[in-house]
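Have a look at the structure below before the remarks.
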Amino acid sequence: MAKKILFAVLGNPIAHSRSPEIHKLFAEEFGDSIDYQKIEVPLGEFDTALDNLIDDEYLGVNVTIPFKVDAFKSATKCTSRARQARAANTLKFEAGKILADNTDGSGFVRDVQQRLGFDIANKSILILGAGGAVRGILPSLLEADPRKITISNRSLARAQELQDEFGVQCILYDETGAEEYDLIVNATPTSLQNKAPLIEESTFNNCEVAYDLVYSSKPTPFMQMAERAGTKIVSDGLGMLVEQAADSYEFWLGRRPQTASVYEALRKQILASE
Ligand code: NAP
């Protein structure tokens, strides 16, 4: 029997991760024989964990909160989008080298443009939050050529860093009502705490797409707010999760899985589990 190709997702906490199910479905599509583990890495022990996986002949890993910056720093070579984000969610171990990519942005853009059918070019975008996910998304979002990206964050200093690095605009939450946006993205974990974002409902006036990076079995408080305001397309982040995983799979094995049926299967699993 062919030896299984070994993968893992590293994070802390990691129990909630759906990545093993997603990659199992991708592997079935190609008849690839893989083993994909969830590994909770103690804080401060990321490099040791990587060394152990390389010794055990893993081909690659996904990396999630809070290790994406450590993953980027561990790399011997990285893609330009990982370099711009200064964070990586995908590592490949090859001939003693660690290759890094960041597929969060490409996954997000593909989900918005292809599944939701919203063309980002020349559109005005508001992003709530300025953490690791926003850093990962910005390089791919800028490549899609929006007219303007505005970032609003609780701590302005963190948003200002992104303004300096990526040339986006940053504003306070209470200034978000002054303009209209075509796409509003919630990149804060407020929905996980069942809280609404710190913006007025009127911020969604004339908004075409509202996208919460958190995924859930029912509309999040952010999605509910957008729906009440009449936003045409309202989505959670499950599609991004599946698309970024497909880009990781391609980075490791050179073939990109189709994602529509995997998205549907995951959606069913999430509805059934909650
Ligand atoms: P992070 O680096 O910890 O950043 C969190 C951001 O949210 C920061 O800007 C923080 O503001 C803000 N924030 C936290 N709690 C808040 C609150 N109660 N009210 C207002 N703002 C708050 O996290 P991240 O990696 O960027 O991830 C953000 C979210 O995206 C998470 O929920 C994560 O699960 C999700 N995500 C989804 C996908 C996907 O594939 N769907 C991929 C990546 C991330 P301060 O700077 O002021 O602290």
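The Cα center of region 102-129 and the Cα center of region 47-66 differ in position by 29 Å. In the chain, the calculated helix contribution to ellipticity at 222 nm averages -11000 deg cm²/dmol per residue, counting -39,500 (n - 2.57) for every DSSP H run with n ≥ 4. Whole-percent P(r), region 105-236, all Cα pairs, 10 Å bins from 0: 13, 50, 35, 2. Which whole-Hz couplings ³J(HN,Hα) result when phi for each residue of region 192-208 is put into the Karplus expression 6.51 cos²θ - 1.76 cosθ + 1.60, θ = phi - 60°, listed in order with x for Gly and Pro? Values, residue by residue: 5, 9, 6, 10, 7, x, 8, 10, 7, 4, 5, 4, 7, 3, 6, 6, 8 Hz.
Computing FRET efficiency as 1/(1 + (r/R0)^6) for ASN12 and GLU227, where r is the C-beta to C-beta distance and R0 is 25 Å, gives about 0.15.
Size descriptors for region 56-166, from the alpha-carbon set: Rg then Dmax equal 14.9, 47 Å.
Rounded to the nearest 0.05, the FRET efficiency derived from the C-beta distance between SER202 and PHE30 at R0 = 35 Å is 0.15. Its residues counted as N, the chain yields a C-alpha radius of gyration over 2.2 N^0.38 Å of 1.00.
Computed from the coordinates by the stated procedures, all read-outs in this text should not be read as laboratory data. Note that the structure is a prediction, hence the values are computed from the model and not measured. Here Cβ is always computed from backbone atoms with ideal geometry, including for glycine, and neighbour counts include all displayed protein chains.
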